[in-house]
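Report on one structure; see the data block that follows.
Every number in this text was worked out from the coordinates using simple rules, so none of it is lab data. None of these values were measured; they are calculated from a predicted model. Positions of Cβ are backbone-derived with ideal geometry, glycine not excepted, and every protein chain shown enters the neighbour counts.
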Amino acid sequence: MLNVLMLGVGQCGNRILDAINKESFGGGGASRLAKYCMRPKFPSRVETLAVNTAVNDLKELRFTTAKDRLHVPNLHGVGANRNVGKQAFMDNRDTIMGEIEKRGDFDLAFVITSTSGGTGSSFSPLLINELKRQYPSITVITVAVLPFREEGSIYLQNAAFSMRELMEVDAEGIILADNQYMKRYSGDIASAYDKINSMIAQRLLFLIESLDSEMLSVTDLGDFKTVMNGGLRIGTMGFYQADGKNQSIKDAIENSLKPGNLLYPANVSEDAARAMIIIQGSREYLDVDQITKEVEKLSASAGHVFKGIVIKKGYPKVLSIFTMASAPELESIYAQAARGMQDEKEKRSRSRKQLDDAFAHIEDLEEIY
Amino acid sequence: MQASKLEKMAPINPSDPQDNVIYKRKWSEMRHLTYLTIFVLLIQAFYFGAVCAKETNDDQVTYTDFTLNIGDRIDIGDYQVELIEIQSTKDGIVVIRVSKVGGALDEQRAFLQNSANNFDGGSENNGITITVTDIPDDQSAKVRIEYQEILGTPRRHASERPAAQLDKPILSVQESFDRNQMNVGDEVKVTIAVKNIGTGQALDIKAEDTPPLPEFSYIAGYPPKIKETLDPGESDSAVYLMSAVKEGSIRVPAIQVSYADSKKNARSNNSEPFNVLINPKSKANLAIKLTVPGPIQVGGKGVLNVSLSNMGTATAARIELEGEIRPPEGLEVTGLDKSFFEILPEKEVNYSAVLSGIAPGNYTVRLKASYDGGDGAMIQEGTTEVVVLEQEYKYQYLLLIIPIIVIIAWMYRRYKVYKY
């Protein structure tokens, strides 16, 4: 059995972690009552911990137990200031790591964070470093969420610097999710957030369940690490669940790789470095020949594709994970962030000059009363 | 004669003064003559009255009463009157001897009370008349002697013989019941005791206990028989048995015992009347009380407590108890049928029977007691209701409440788990 640690850092990470806990109760509206009646049902031994400097963000969580909420005392958040966040982490590092240590040893850790906020973007790189330092054998996967582009220059700036730091730490890989890309799923921002959080939660749990299951075709944590170490060590996930109208496994695999079902805008055939296809469903739907053909077709472009098949009653479900050899969208984010930073710098310079000119009017004068 | 002579003379004219003087002279003479005549007549009348009065006093009859004991004697003139015997006080017959000094009269005669007896022509003819006016007892009599005063004053001479010993029987009569309270059906023994407490022999003794009391039936010994003769100091008694047949307070009348003395004088005496109370007939009265503590459940057992109380005044004997359940199915009872030899008055016997519920419902347990209650066979019944309930789980409601409490506690605990 896999021992999995899921850390939700910052507001975004907290909410995705809360969505994961919600899914452990079955998801949907029934989970609101189910959390009072039953214990969360994770596929493996999963420990969760929500870390935040803003206590109000922690209070908004609904499916995460109180003991799994760690408030790092720093007034009311770090105000999207990564430097303040880093200082807060360092000041409370022992507390944070002590809470993790209480939860035992783990094989796999997911650090779920937004790249744009204050706490998550500043804490996560430092936290990953600490995890790798204290638990060298643990596999650490960062689940990083990119912001809406229109959220402001500070968030873009944070995303740029945070992503760079995340790339530099010794984690096994990053799974990207792009809010900007996925907001099309819902009309309003609040619903979009819930939908995005739920999608990420379902896919992560599906991944954990699959890695910890008896597979017809074996994929395990080692394969997953190999996939995540491919390319830029930045990957994303696609997911598709067949329905009664079309139970074709071939179509299910193809659909899971289509951009519309990915968490981050990517072209698998062009950008994928390594991939893993995990298929789950009733035996009658799982045509091994078709699966093999589709995997071979993907391997032609992605280089190496791991496949895992889990026999489980139901229509076929396919989770595709792949790392990218290139990430064009990231470049545009950095460019946009740089422009924003430059604009802000110029704006600040102009404001300073205007202020200096204003002060010049009273430069030689004294106060008279 | 002179008057007639005058009346034959020429008539006198008063208006003639001459005639008037003559008239006045003649009238005065006639008046003096009338006075003289009246005087003479009065002298004669006084003389004859005195002579006649002297003659009446010498022949006047008077009387004197005496109380004589036997042997006493009265002397008057030459007569001697002696009380010889009281023959019968009842019939008023007394024997008196009358004699005359010189032997001219010596007669012993039986006198009937209040009948005058003349001797020598009686008191009107210089004899005497004797009447017995009263006989107080058989030793004395009151005697009246009538006589002319010329015979002198009668004198009583007491007898020098010693007084004859009294020969007077007196019977005391006593009637008694052996109890003064009894119940209808009880036998009562009546004793009539007669004792001669007098000095003479009582003869012809007869007890008259009539009429028979309607509240009793006479069983034996009635009418009571007493010895016909009882000497002084002797007693006799008679006993008879009766059975009370009717309740009530009875006034037992006096019993009269009649007897006669040696002189055949009839006498009698009575006992004192008294009261007896006859209560209603004594009989047993069994009260049956059946008590069930409460409903029993199907498959459960209960106790039926039976209490038999003899509320009557007689012993209930040979008691047979037989139970019955209606409807007969659904309830079983064991140990209800019993037998008891007897239950004394005001005593109680208790026992218990075991009830077993088989089917739910209301059942009637009837217990019939047959017994001899002192007035023949008697039957008494007692009933009670027994309710058999469906098997009840006493704390069944906990099956609902406990899960709710557990769920609430669990949810509260979970709420606390998620409360931050």
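What the table below lists for this structure:
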| item | result |
| --- | --- |
| For chain A, built as a Gaussian network whose Cα springs stay under 10 Å, the top-fluctuating residue of A:GLY173, A:GLY303, A:GLY28 | A:GLY28 |
| Shielding by other protein chains, B:413-420, mean Cβ within 10 Å | 6 |
| Given charges at Cβ of Lys, Arg, Asp, Glu: segment B:280-411 dipole, positive-most of B:TYR363, B:VAL298, B:TYR395 | B:TYR395 |
| Fluctuation leader among A:SER116, A:SER349, A:SER137 - chain A, Gaussian network, Cα springs under 10 angstrom | A:SER349 |
| Per DSSP, loop trypsin sites (Lys or Arg not before Pro) in segment B:307-362 with at most 16 further Cβ within 10 Å | B:LYS347 |
| Mean projected area in nm² (Cα convex hull; one quarter of hull surface) for segment B:171-279 | 6.0 nm² |
| Stokes-Einstein D for segment A:91-173, Kirkwood Rh over Cα pairs, 4 °C, 1.567 mPa s (µm²/s) | 98 µm²/s |
| Principal-axis tilt of helix A:153-168 within chain A, Cα atoms, nearest 10 degrees | 60 degrees |
| Solution diffusion estimate, µm²/s, Stokes-Einstein, the protein assembly as shown, Kirkwood Rh from C-alpha pairs, 25 °C, viscosity 0.890 mPa s | 56 µm²/s |
| Å³ per residue enclosed by the Cα convex hull of chain B | 540 Å³ |
| 222 nm mean residue ellipticity, helices alone, for chain A (DSSP H n ≥ 4; -39,500 (n - 2.57); rounded to 500) | -15000 deg cm²/dmol |
| Peptide A:51-64 - average C-beta neighbours from other chains (10 Å radius) | 1 |
| In degrees, nearest ten, helix B:397-418 long axis to first principal axis of chain B (Cα) | 50 degrees |
| Listed residues A:GLY244, A:GLY13, A:GLY260, most fluctuating in chain A (Gaussian network, C-alpha, under 10 Å) | A:GLY244 |
| Cross-link reach list, lysines versus B:LYS264, counting only Cα pairs under 27 Å and skipping chain neighbours closer than eight places | B:LYS90, B:LYS142, B:LYS168, B:LYS195, B:LYS206, B:LYS225, B:LYS227 |
| Dipole magnitude (debye, nearest 20) for segment B:300-420, charges at Cβ of Lys, Arg, Asp, Glu | 1500 debye |
| Taking chain A and dividing mean pair separation by its residue count, relative contact order in percent (alpha carbons under 8 Å, at least six apart) | 15 percent |
| Surrounding net charge for B:GLY200, when Lys and Arg each add one and Asp and Glu each subtract one, Cβ distance under 11 Å | -1 |
| Protection proxy ranking of B:287-298, B:401-412 - average other beta-carbon atoms within 10 Å, highest first | B:287-298, B:401-412 |
| Degrees, to the nearest 10: B:17-59 long Cα axis against longest axis of chain B | 60 degrees |
| Net dipole in debye of chain B [+1 Lys, Arg Cβ; -1 Asp, Glu Cβ; about Cα centre; nearest 20] | 2360 debye |
| Mean separation of Cα contacts under 8 Å, 6 or more apart, over the residue count of chain B: relative contact order % | 10 percent |
| Student exercise, the protein assembly as shown dipole from Lys, Arg, Asp, Glu Cβ charges, in Debye to nearest 20 | 3340 debye |
| Members of A:LYS132/A:LYS317; A:LYS22/A:LYS307; A:LYS195/B:LYS419; A:LYS245/A:LYS307; B:LYS347/B:LYS368; A:LYS67/A:LYS195 lying beyond 21 Å, as alpha-carbon distances in this model show | A:LYS132/A:LYS317; A:LYS22/A:LYS307; A:LYS195/B:LYS419; A:LYS245/A:LYS307; A:LYS67/A:LYS195 |
| Relative contact order (%) - segment A:58-152, alpha-carbon pairs under 8 angstrom, separation at least six | 29 percent |
